[in-house]
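No lab work stands behind these numbers, since they all come straight from the coordinates. Source: prediction; values computed, not measured. Cβ coordinates were reconstructed from backbone atoms using ideal geometry, including for glycine residues, and neighbour counts include every protein chain displayed.
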Amino acid sequence: MSAASLQRILVPTDLSDFATGALHWAALLQRRLGGRLTVLYANQPYVPFDVMEGPAAYALQTSAEFRDRLTRDLREYVDRQFPNAGDAVETRIVDQAPAQAILETAEAIDADLIVMGTHGRTGWRRALLGSVAEKVVHHTDRAVLCIHSGATPSIGKVLCPVNFTEVARIALEEACALAATFDAELLLVHVTDTTDRASDIEGEFAAGIDPSVRTRCRYTHIVASGNAAEETIRIANEAHGDLIVLGSQHKRFADASVIGVTTERVVRFAKRAVWVVVSG
């Protein structure tokens, strides 16, 4: 899948103002790239502290009246955000914990991209966003766009950390496609652990990366030294980047999936939108 050919975008929501930010990013992509949006609400079964309250609370949450009201609220919320979208935006309610609902729905609709915030509500409306976003990135094999609360939906400058690995090459392809589609500037950032290799990096870049991007979009190559996640975030902030695109190599141990430390830190701490391209 290329960013230039998105067909299905999944957007989890908890109906909060914060979640609306992710929906606006999804709308930006849909306007430029087309495709359909699926807006998902995870109606996680209520687990009470008071065991005496449990049966009544669960019955209320799963009643036909509650479900009908929730369905109306979700549809009205979507219609307010997309007054002229019609059938291009569908809604779904899944009675599961948020992360599992997102992962299973992404599979069910064959989503090309999951767009979600990185912080959200707590309490009975769920921490749908935040730690859930990290769980989704850990376990999905689909691209995930993580939206920080301060990230304005705009793509004028795309930053992509690069090295000479296969997963970085895949991320670079995605970053190039986005930059070309939105006529954005592409910042290619190579972070080393020493300044001694700067000249070597420039030579490798000229031979291995430059030919794949020079005819497709405007770009600047930046070489920095230090921690990869910290330098990526610093440069994105200083350059006023709108979007960070980076690759994630899933490593599986028994039933667990682990992503790279750099990816995890950038998703958690960047103040920009972060597009994670997953390689299995």
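Spin-label model, R80 to S279: label points 7 Å out along the Cα-to-beta-carbon direction sit 4.3 nm apart. Computed from the C-beta positions of A207 and Q249 and an R0 of 30 Å, the FRET efficiency is 0.85 to the nearest 0.05.
Less than 5 angstrom separates the built amide H of V39 from those of V11, E90, T91, R92, all sequence-distant by 5 or more or on a different chain.
The H on the amide N of V189, modeled in the peptide plane, is under 5 Å from the matching H of C160, V162, I222, each at least 5 residues off or on a different chain. Residue separation of N227 and L70 scaled by 0.36 nm, minus their Cα-Cα distance, works out to 52.0 nm of gained length. Each residue of the stretch 229-235 was assigned a 3J(HN,Hα) from its phi angle through the Karplus expression (A = 6.51, B = -1.76, C = 1.60, θ = phi - 60°), giving 5, 5, 5, 4, 5, 4, 5 Hz with x at Gly and Pro. Remark: the stretch 33-42, residue by residue, has Karplus-estimated 3J(HN,Hα) of 10, x, x, 10, 9, 10, 9, 10, 10, 8 Hz, where x stands for each Gly or Pro and the curve is 6.51 cos²θ - 1.76 cosθ + 1.60 at θ = phi - 60°.
Using θ = phi - 60° in the Karplus curve 6.51 cos²θ - 1.76 cosθ + 1.60, the 3J(HN,Hα) couplings for the stretch 98-111 round to x, 4, 5, 4, 5, 5, 6, 5, 4, 5, 5, 9, 6, 5 Hz; x is entered for Gly and Pro. Projected onto its three principal axes, the C-alpha set of the stretch 140-242 covers 38, 29, 29 Å, listed from the longest axis down.
Approximating the spin labels as points 7 Å out from Cα along Cα→Cβ, the D110-to-D95 distance works out to 2.9 nm. In this structure, the amide hydrogen of I244, modeled 1.01 Å from its nitrogen in the peptide plane, lies closer than 5 angstrom to those of L159, A273, V274, W275, counting only residues at least 5 positions away or on a different chain.
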